[in-house]
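Trainee: Sharing a structure with you now.
Quick note: the coordinates plus some simple rules give every number you see, no bench work behind them. Because the structure is predicted, anything quoted here is derived from the model rather than measured. Backbone-built Cβ (ideal geometry, glycine too); neighbour counts: all protein chains shown.
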Amino acid sequence: MYLEELHQLLTAVQTGLADGRAHAERARSLLEESRRAIVEPQAQAVPWVPPQLAQADEGMENLLTRLSAADDLVSGYQSRL
């Protein structure tokens, strides 16, 4: 494999990671909108929120963290080539 090919592949990986991060951020935004849609109409001191919503938000946070770490690794590797 030539060095230029490796650079191209790593660039494609970074593009995919950026796309994945954008989708995950959008999903997280939609989760927040869902939470507001559930909480605001209830107008209670302690509104009921499905536990799956918090779990999904935590999952999105973990995904975003992993995507960021992967991007950092690929960027570091690419800069050393």
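Trainee: With a sphere of radius 12 Å drawn around the Cβ of LEU30, what net charge do the other residues whose Cβ falls strictly inside it have (Lys, Arg +1; Asp, Glu -1)?
Mentor: Surrounding charge for LEU30 is 0.
Trainee: Here is a further query. Considering only the other residues whose Cβ falls under 15 Å of the Cβ of GLN78, what net charge follows from Lys and Arg at +1 and Asp and Glu at -1?
Mentor: Residues close to GLN78 contribute a combined charge of -3.
Trainee: Among LEU30, LEU6, LEU67, whose Cα sits farthest toward the positive end of the charge dipole of the chain (+1 at Cβ of Lys/Arg, -1 at Cβ of Asp/Glu, about the Cα centre)?
Mentor: LEU30
Trainee: Do the sum for the chain: with -39,500 (n - 2.57) for every DSSP H run of n ≥ 4, divided by all residues, what is the mean residue ellipticity at 222 nm, to the nearest 500 deg cm²/dmol?
Mentor: Rounded to the nearest 500, the figure is -31500 deg cm²/dmol.
Trainee: So, counting K/R as plus one and D/E as minus one, what does the shell of residues with Cβ under 15 Å around LEU53 add up to?
Mentor: Result for the neighbourhood of LEU53: -3.
Trainee: If you place +1 on the Cβ of every Lys and Arg and -1 on the Cβ of every Asp and Glu, how big does the dipole about the Cα centre of the stretch 3-80 come out, in debye to the nearest 20?
Mentor: It works out to roughly 140 debye.
Trainee: Which entry is the computed P(r) over Cα pairs in 5 Å bins from 0, in percent for this structure: (i) 3, 8, 6, 7, 9, 8, 6, 6, 7, 7, 8, 11, 6, 4, 3, 0; (ii) 3, 11, 7, 8, 7, 6, 7, 6, 6, 6, 6, 5, 5, 5, 4, 3, 3, 2, 1, 1, 0; (iii) 3, 14, 18, 16, 12, 10, 8, 7, 5, 4, 2, 1, 0?
Mentor: (iii)
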